[in-house]
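Chemist: Dumping the structure here so I can ask a few things about it.
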Amino acid sequence: MSGQPENVRPWGRYDVIDGGDGYRVKRITVNPGKRLSYQSHGRRSEFWVVVSGTAVLTLDGNDRPIGVGESAFIPVQSRHRVSNPGGEPMVFIEIQIGDYLGEDDIVRYEDDFGREGTVTPHGE
């Protein structure tokens, strides 16, 4: 590892802010011009609310902008990604719901950082 905290990613960072049996809440910050991998999860759904900036959600191949106060639901096994087309960090709250919430429940289909197809601990 590079000495950075495990929650720092090439696109930004995430912080777990709450969690319990069957749910986890994260604050996710996406740096300007960056995007997460196009991915899916086998055992969890996600609910996102943008709290600053503007996001572009790709859900099963369809893009749509999401602004402050707007939300999106990501069903289990849906292919999805979020990007930040703006010039400032974009922040959203992610609520994960499922019977398994590990960071290794991820399949990447496309990734700007060369991580396609991986299922790895601490990957996202």
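Chemist: Would you be so kind as to identify which of Gly42, Val107, Gly67 lies farthest towards the positive end of the dipole of the chain, taking Lys and Arg as +1 and Asp and Glu as -1 on Cβ and the Cα centre as origin?
Modeler: Value: Gly67.
Chemist: Sticking with this structure for a sec: Could you please report the charge total around Pro32, scoring K, R as +1 and D, E as -1 over all other residues with beta-carbon less than 15 angstrom from its beta-carbon?
Modeler: +2
Chemist: Quick one: dipole size for the range 21-100, taken about the Cα centre, charges +1 on Lys/Arg Cβ and -1 on Asp/Glu Cβ, in debye to the nearest 20.
Modeler: Its charge dipole is roughly 200 debye.
Chemist: Continuing with this model, one more query. For the chain, what mean projected area does the convex hull of the alpha carbons give, in nm²?
Modeler: 7.0 nm²
Chemist: Tell me, what does the Kirkwood hydrodynamic radius of the range 76-118 come to in angstroms if you use every pair of distinct C-alpha atoms?
Modeler: 12.9 Å
Only the coordinates and a few stated rules stand behind these numbers; no lab work does. None of these values were measured; they are calculated from a predicted model. Cβ atoms come from the backbone with ideal geometry, glycine included; neighbour counts cover every protein chain shown.
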